[in-house]
Amino acid sequence: MIRGTTQTTIAAIATPPGEGGVAIIRLSGPQSVEVGNRLFSKKLDALTTHTIHFGRVKDKQGEVIDDVLLLLMRAPRTFTGEDVVEIHCHGGTLISKKILERALEEGAQMAAPGEFSQRAFLNGKIDLTRAEAIQSLISAKNNFALKAAQSHLQGALHQKIVKFKNQLTAIAAIFEAWVDFPEEGLEFASEAEVLGELGETSKEMRALLETAKEGRLILDGIQIALIGAPNVGKSSLMNALLEKERAIVSPHAGTTRDTVEEHFKIGGLHVILTDTAGIREVGEEVEQEGIRRSKAALEKADLLFFLVDGERGWTDEEKDILPLLPEEKTLLIWNKVDRPHISPPTHAIKISAKEGFGIEALKKAVQQKVFEGKGPSEEGLLLTEMRHREALQEGVVLLEKVIEGLTSGVSPEFLVFDLRSSLKALGKIIGSDLQEDILNAIFSRFCIGK
Ligand SMILES: Nc1nc2c(ncn2[C@@H]2O[C@H](COP(=O)(O)OP(=O)(O)OP(=O)(O)O)[C@@H](O)[C@H]2O)c(=O)[nH]1
Ligand SMILES: [Mg+2]
């Protein structure tokens with residue numbers, strides 16, 4: 001099927017399947033009004049655009065399917081930029097299906113997933129980052145993801161990419177002037193000025209690229225592993241965080257043998273928490289296998305809770321574990337402070353897994369660590385789409401190549417090519433340089449009826 005060709009009229013149920021108060025059947029394309037006319041009890045031709053009408057939809061035999069509200073919206077002031085008709089019926093699966101079937105009988109075609117959005121994009125109603133943001137908005141699973149999607153929807157990402165493109169286009173013009181008018185070319189701008197501007201832009205691009213890490217954490221959640229010597233209270237902390245008795249706790253060292261994984265939320269953040277076997281040198285075969293798994297979990301995790309038994313303090317066991325833990329992803333946690341305890345290093349978080357003391361502070365520290373104290377990015381502008389990240393990465397690498405070339409005296413004739421390629425990579429993000437098959441692939445991930 002050729003998607004997004006505006007010759008055809010498409011139809012789909014825009015509401016989720018199942019029972020509900022209302023279901024919506026959406027039509028878009030040049031024959032929307034005509035199709036609507038044939039299945040609705042009132043004639044639509046003479047009616048003003050952007051009006052709502054109460055009436056009936058009947059099947060081919062003249063049997064009433066449902067009483068409905070019909071929304072008439074003529075081009076171009078619509079989501080897709082085409083004539084749009086929406087039929088709001090009672091929210092039963094069968095009713096909405098029957099009405100959709102009627103629309104198909106009368107000449108509409110079944111819409112492909114995301115085809116409404118794709119048409120909106122092709123008709124210049126929304127740019128690609130906004131279209132993608134609508135889908136992210138729909139599938140957002142936490143407040144941070146929602147905020148990121150809203151910011152994209154308001155065009156923050158689009159504007160930023162357009163800004164980069166404008167800056168680089170101006171420089172490309174200067175390069176071309178240098179090539180075409182070698183004599184007077186330098187009057188347009190000095191090499192130092194150009195280098196300064198390119199450096200500035202590449203720095204901003206890198207900064208945006210950096211947000212992708214945060215963006216991924218927000219969408220997929222973060223993996224936290226509980227690491228420490230045996231008996232320090234790792235399983236107790238897991239239970240305290242989950243607020244249920246998930247992992248076995250006992251006074252014997254070596255209780256946890258296998259890794260135990262659970263999902264929960266800290267603030268809006270999705271967390272996958274792994275309890276592990278206490279790490280120590282001794283222990284028999286099964287325990288050693290458990291310890292091997294602890295080390296694997298440790299490597300995979302985004303964040304480590306390094307637990308120490310405050311009553312015992314820092315022992316040789318901790319000294320052995322510490323070298324395994326990358327500093328930037330480790331939080332030191334001093335447990336069992338309900339008991340007389342050795343005072344911890346200042347950066348440690350004091351808790352009692354058993355009494356539930358310090359758990360809130362620990363959750364705050366996690367958010368602090370994940371967002372590096374900034375809170376989810378100031379403007380809420382985060383790269384959440386892999387597609388955006390890859391294109392931006394490509395763009396910035398090419399730009400850095402241009403900067404390097406210019407510094408080492410490569411002729412602008414050659415540099416302009418990489419600069420244009422960098423611009424092309426940026427164009428992919430906002431959809432100005434995308435081929436049809438790629439567009440189809442992007443939109444086909446969307447919901448039906450969107
Ligand atoms: N007083 C006190 N005891 C605690 C605290 N946290 C854990 N414990 C006790 O410490 C012992 C070990 O706790 P676990 O949670 O099983 O420790 P673990 O680190 O999972 O141990 P392994 O699985 O063997 O590595 C149990 O008897 C717990 O009741 C705490 O905050 N205060
Ligand atoms: Mg345990």
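Computed quantities for the displayed model
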| read-out | value |
| --- | --- |
| Lys, Arg +1 and Asp, Glu -1 on Cβ, resulting dipole of segment 101-183 about Cα centre, debye, nearest 20 | 540 debye |
| Segment 221-370 shape via C-alpha gyration tensor axes, a/c threshold 1.5 | rounded |
| Residues residue 77 and residue 56, FRET efficiency given R0 of 35 Å [Cβ-Cβ distance, rounded to 0.05] | 0.85 |
| Value at 222 nm in deg cm²/dmol, rounded to 500, when DSSP H runs of n ≥ 4 in the chain each add -39,500 (n - 2.57) | -14500 deg cm²/dmol |
| Alpha-carbon gyration tensor eigenvalues x 5, square-rooted, for segment 100-189, Å | 43, 21, 7 |
| Translational diffusion coefficient (Stokes-Einstein; Kirkwood radius from C-alpha pairs) of the chain at 4 °C, 1.567 mPa s, in µm²/s | 49 µm²/s |
| Semi-axes of the equivalent ellipsoid for segment 184-293, Cα gyration tensor, largest first, Å | 51, 18, 9 |
| Global form of segment 348-448, assessed from the alpha-carbon gyration tensor, a/c cut-off 1.5 | oblate |
| Of 392, 57, 251, farthest towards positive along the dipole that unit charges on Lys, Arg, Asp, Glu beta carbons give the chain | 57 |
| Considering only segment 221-370, percent of DSSP beta bridges that pair antiparallel, nearest 5 | 30 percent |
| Three-way shape call for segment 111-249 based on the alpha-carbon gyration tensor, with the a/c threshold at 1.5 | oblate |
| Rounded tilt (10° steps) of 156-180 against the dominant C-alpha axis of the chain | 80 degrees |
| Residues in segment 393-426 reached by a label modelled at residue 195 [backbone nitrogen below 15 Å; 7 Å Cα→Cβ] | 400-412 |
| Highest-MSF residue in the chain out of 385, 317, 281 [GNM, Cα springs under 10 Å] | 281 |
| More than 16 angstrom apart: percent of Cα pairs within segment 61-120 | 55 percent |
| Summed residue charge, Cβ within 12 Å of residue 107's Cβ, Lys/Arg positive, Asp/Glu negative | -1 |
| For segment 10-126, alpha-carbon Rg relative to the globular expectation (2.2 N^0.38 Å, N residues) | 0.98 |
| Qualifying aspartates and glutamates (Cα of each under 18 Å from Cα of residue 401; at least 8 residues distant if same chain) | 176, 191, 193, 197, 200, 204, 390, 413, 418 |
| Within a Gaussian network of the chain (alpha carbon springs, distance under 10 Å), most fluctuating of 315, 259, 78 | 315 |
| Neighbour-count ranking [beta-carbon atoms within 10 angstrom, fewest first] of 357, 446 | 357, 446 |
| Length added when fully stretched, residue 67-residue 244, from 0.36 nm per residue minus Cα-Cα | 58.8 nm |
| Normalised contact order of the chain, rounded percent, pairs of Cα under 8 Å and 6 or more residues apart | 16 percent |
| Relative contact order (%) - segment 10-126, alpha-carbon pairs under 8 angstrom, separation at least six | 32 percent |
| Largest to smallest principal axis extent of the C-alpha atoms in segment 269-331, angstrom | 36, 27, 20 |
| Cβ-Cβ FRET estimate between residue 284 and residue 154, R0 fixed at 60 Å, reported to 0.05 | 0.50 |
| Positive-end residue of 226, 33, 129, charge dipole of the chain with Cβ unit charges | 33 |
| Phi to ³J(HN,Hα) by Karplus 6.51 cos²θ - 1.76 cosθ + 1.60 over segment 7-13, Hz, x for Gly, Pro | 6, 8, 10, 10, 9, 6, 7 |
| Degrees, to the nearest 10: 128-139 long Cα axis against longest axis of the chain | 60 degrees |
| Total charge dipole magnitude, the chain, about the Cα centre, Cβ charges on Lys, Arg, Asp, Glu only, Debye to nearest 20 | 1860 debye |
| The chain - share of DSSP beta bridges that are antiparallel (%, nearest 5) | 65 percent |
| In sequence order, calculated HN-Hα J values of segment 68-85 (Karplus, 6.51, -1.76, 1.60; Hz; x Gly/Pro) | 9, 10, 10, 9, 9, 9, 8, 4, x, 7, 9, 4, 8, x, 10, 4, 10, 10 |
| At R0 = 25 Å, FRET efficiency that the Cβ-Cβ distance of residue 37 and residue 93 yields, to 0.05 | 0.45 |
| Semi-axis lengths, Å, segment 188-229, gyration tensor of Cα atoms, sqrt of 5 times eigenvalues | 40, 12, 3 |
| Cross-link pairs 244/319; 265/336; 244/295 - those with Cα-Cα distance over 27 Å | 244/319 |
| Cα-centred dipole magnitude for segment 243-301, charges only on beta-carbon of K, R (+1) and D, E (-1), debye, nearest 20 | 240 debye |
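Every number here is computed from the coordinates shown, using simple stated rules; none is lab data. Because the structure is predicted, anything quoted here is derived from the model rather than measured. Here the Cβ is made from the backbone with ideal geometry for all residues, glycine too, and neighbour counts use every protein chain on show.
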